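Data first, discussion second: the structure below is written as structure tokens.
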Amino acid sequence: MRRKAPGRSGRFMLISTERVFYAGLHGKPSVRTLGALAICVPLHGTARLEIEGQPPRVGEILAVPAYVAHRITSDSRKVLGLLIEPETVCDEDLAEIIRQCDDPASAAPLAARFREIYATMALSGASGFTSADVDQIFLQRRLRPRDLDARISTIVSRFQARPSSNLSGEDCAREVRLSLSRFLHLFKDETRMNFRTFRAWKRGRNVLHHVNVERNLAHVALDAGYPDSTHFSHSLRRIYGLQPSVIFSGARRLQIINGRDVARGTLGA
């Protein structure tokens, strides 16, 4: 990814298997539960974060841990967002990102960095980017990987390669030669999330690759591994706080750029 003269105001999304950077319309989402650590920077002004049981927070940059239900509103029509898959980064670095976004002394410069990069980023040739590139560009450092048990790492890699997979807990347990109960327990110990929640998020995340495509949503749902369009709608609304029709209509002009680690045809992989 290169730099260009300031002034570009396009909408785009960079997607690798471990990171997503989004620059586009914010819409009016209700409560959502993303399966990734989420950083949100309004293009102008501030945003407001609401988490049940906590006082609202207002700032130029906001961070929410993975799988925490929340709502973000902003006066800015456009936002910049970075999603970091929690199973790929050690707990200490995840906590440091949140601390950096919460601390006024470090939050303002970080928000300014996001905005400056957005204003000067050239997308030509960006398809060769990696997750490490995203970390270096936006956070100015490489995040340390989570040290996963090899068996759990195998399963995580399966879902990164085939996020629409219908692999069950039983299938995964059999693959790594564990009982189902032992596999589910080990998976949660290693990743800090339960297996079914992880699988649902990967499936919902995979849909991001195709939100700018004009297709019948029922067909998208089936290709993405959902049993029917009703399940698809409920799942995406829970994850993103928006109905699928709203997500897809708002993304028609969105340019989507996949990283070098993303397989072609990911939706039906």
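Charges on Cβ only, +1 for Lys and Arg, -1 for Asp and Glu, centred on the Cα centroid of the range 122-269; of L143, G225, F183, which one is farthest towards the dipole's positive end?
L143
So what are the ³J(HN,Hα) numbers for the range 167-175, from phi and the Karplus equation (6.51, -1.76, 1.60; θ = phi - 60°), rounded to whole Hz, Gly and Pro as x?
Working through the residues one at a time gives 4, 8, x, 5, 4, 5, 4, 5, 4 Hz.
How would you rank 200-209, 169-178, highest first, on the average number of other Cβ atoms within 10 Å across their residues?
200-209, 169-178
If r is the Cβ-Cβ distance from H185 to D102 and R0 is 30 Å, what FRET efficiency results, to the nearest 0.05?
So, using R0 = 30 Å, E works out to roughly 0.40.
Through the Karplus equation 6.51 cos²θ - 1.76 cosθ + 1.60, θ set to phi - 60°, convert the phi angles of the range 200-208 into ³J(HN,Hα) values in whole Hz; use x for Gly and Pro.
5, 5, 4, 5, x, 5, 4, 4, 4
By counting other Cβ atoms within 10 Å of each Cβ, how are R253, R32 ranked from fewest to most?
Ascending Cβ contact count within 10 Å gives the list R253, R32.
Between 0 and 90 degrees, rounded to the nearest ten: what's the tilt of helix 91-102 against the longest Cα principal axis of the chain?
For helix 91-102, the angle is close to 30 degrees.
Using the number of other C-beta atoms within 10 angstrom as an exposure proxy, rank V262, V156 with the fewest first.
V262, V156
Counting only helical runs of four or more DSSP H residues, what would the 222 nm mean residue ellipticity of the chain come to if each run contributes -39,500 (n - 2.57) and the total is spread over all its residues?
Value at 222 nm, helices only, nearest 500: -12000 deg cm²/dmol.
Along the Cα-to-Cβ line of R177, 7 Å from the Cα, sits a label point; which residues in the range 138-156 have backbone N less than 16 Å from it?
Those under the cut-off are 150-155.
Length gain on complete extension for the stretch R215 to R260, per 0.36 nm per residue less the alpha carbon to alpha carbon distance?
Full-extension gain reported as 13.7 nm.
What does a probe at E52 reach in the range 212-248, counting residues whose amide N is under 15 Å from the point 7 Å along Cα→Cβ?
From the range 212-248, the list is 238-239, 241.
Based on other C-beta atoms within 10 Å, arrange F12, F232 from fewest to most.
Going from sparsest to densest Cβ surroundings: F12, F232.
For the chain, what relative contact order do you get, as a whole percent, if you take Cα pairs closer than 8 Å and at least 6 residues apart?
Contact order relative to length: 26 percent.
Give me the dipole magnitude in Debye, nearest 20, for the chain about the Cα centre, with unit charges on the beta carbon: positive for Lys and Arg, negative for Asp and Glu.
The dipole of the chain has a size of about 800 debye.
Between the helical axis of 150-161 and the dominant principal axis of the chain, each derived from Cα atoms, what acute angle in degrees is found, rounded to the nearest 10?
Value to nearest ten degrees: 60.
Under a cut-off of 20 Å between alpha-carbon atoms, report the aspartates and glutamates in cross-link reach of K28, not counting same-chain residues fewer than 8 places apart.
The qualifying aspartates and glutamates are E50, E52, E60, D75.
Taken together, the values in this text are just the output of simple stated rules run on the coordinates, not laboratory data. Predicted model, so just to flag it, every value in this text is computed and none were measured. Methodologically, a virtual Cβ is constructed for each residue, glycine included, from the backbone with ideal geometry; neighbour enumeration extends over all protein chains shown.
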